[in-house]
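For reference, the structure discussed in these notes is given below.
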Amino acid sequence: MPPAPLVYVVDDDQAIRESLVLLLESSGRSARAFPDSGSFLAGFEQGAPGCVIADVRMPGMSGLDLQRHLKGAGIDLPVIIITGHADVAMAVQALKDGASDFIEKPFDEDVLARSVDAALDQNQRVLNERRALDDLRALAAELTPREREVMALVVQGLANKAVAAELNISVRTVEIHRGRVMEKMNAGSLSELVRMALRLDQ
């Protein structure tokens with residue numbers, strides 16, 4: 001079974017950390033708290049499902065800086081920014097920079113719960129897409145160089161006869177390679193193979 005998602009709470013205020021962890025765990029979520037961005041970056045489980053709740057103002061790396069760092073490093077953990085009233089403009093900028101949400105203090109439990117659920121759903125979709133692409137790349141890696149050539153031309157819309165002329169091989173050879181490509185890629189139709197090729201080219 002895949003690991004349960006973790007909600008990471010990053011806040012320099014111990015009382016807020018503890019209250020958030022208590023709130024999250026009382027609603028059945030797993031939570032882990034860190035007093036600053038540095039300790040979080042040293043201790044989070046990379047690649048595991050989850051999301052981050054980070055205070056906008058902290059000593060050292062702020063919540064906004066943490067969000068930008070994760071994004072720049074290609075770490076797909078959605079970040080929910082928590083903010084005081086004076087920080088709303090900063091939080092709006094965080095949304096423009098890709099934050100999952102921002103929540104004003106004091107917290108409304110239902111608002112926080114909905115925000116966390118949305119962030120975890122977003123993270124799960126990203127992880128599912130990444131796993132599917134990894135599986136697709138593994139299938140493509142099993143193709144021979146000639147099969148890759150045939151696949152590339154077929155998904156461009158060339159008929160078997162045109163592929164044969166392009167590669168200077170017989171139509172029958174093209175048919176054999178095309179059949180093997182369909183089998184190895186687990187493609188049920190040409191349209192499915194085209195969609196696979198488009199995903200591989202992303």
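Please treat every number below as a calculation from the coordinates, not as lab data. Since the structure is predicted, the reported quantities are computational estimates derived from the model, not experimental observations. Using ideal geometry, Cβ is built from the backbone for each residue, glycine included, and neighbour counts are taken over all protein chains shown.
Computed values, structure above
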quantity: All aspartates and glutamates inside 13 Å of Lys105 as judged from Cα atoms, apart from same-chain residues fewer than 8 positions distant; calculated: Asp11, Asp13, Asp55, Asp87
quantity: Whole-angstrom Cα spans of region 100-201 along principal axes, big to small; calculated: 72, 21, 20
quantity: Distance cut-off 25 Å, percentage of C-alpha pairs in the chain lying past it; calculated: 50
quantity: Helix-only CD estimate at 222 nm, as mean residue ellipticity for the chain, using -39500 (n - 2.57) per DSSP H run (n ≥ 4); calculated: -18000 deg cm²/dmol
quantity: About the Cα centre, charge dipole magnitude for region 70-202 (Lys/Arg +1, Asp/Glu -1 at Cβ), debye; calculated: 860
quantity: Backbone N within region 162-191 under 18 Å of label point (7 Å from Arg199 Cα along the Cβ vector); calculated: 181-191
quantity: Extension gain, Ser30 back to Ala165 (0.36 nm per residue minus Cα-Cα distance, nm); calculated: 42.7 nm
quantity: Reachable lysines, given that their alpha-carbon falls under 30 Å from the alpha-carbon of Lys184 and they are not under 8 places away in the same chain; calculated: Lys161
quantity: Three principal axis lengths of region 36-121 [C-alpha, angstrom, descending]; calculated: 30, 28, 22
quantity: Most to least packed among 142-150, 51-59, 16-24 [average Cβ atoms within 10 Å]; calculated: 51-59, 16-24, 142-150
quantity: Extension gain from Asn128 to Asn186, taking 0.36 nm per residue of separation minus the Cα-Cα distance; calculated: 19.0 nm
quantity: Centroid-to-centroid separation of region 3-73 and region 132-186 [C-alpha atoms, Å]; calculated: 46
quantity: Segments 95-107, 129-141, 71-83 sorted - mean Cβ within 10 Å per residue, highest first; calculated: 71-83, 95-107, 129-141
quantity: Protection proxy ranking, peptides 114-126, 36-48, average beta carbon neighbours within 10 Å, highest first; calculated: 114-126, 36-48
quantity: Estimated FRET transfer efficiency (Glu142, Gln46; beta-carbon r; R0 22 Å; 0.05); calculated: 0.20
quantity: Hits among lysines - C-alpha to C-alpha of Lys96 under 16 Å, sequence gap 8 or more where chains match; calculated: Lys71
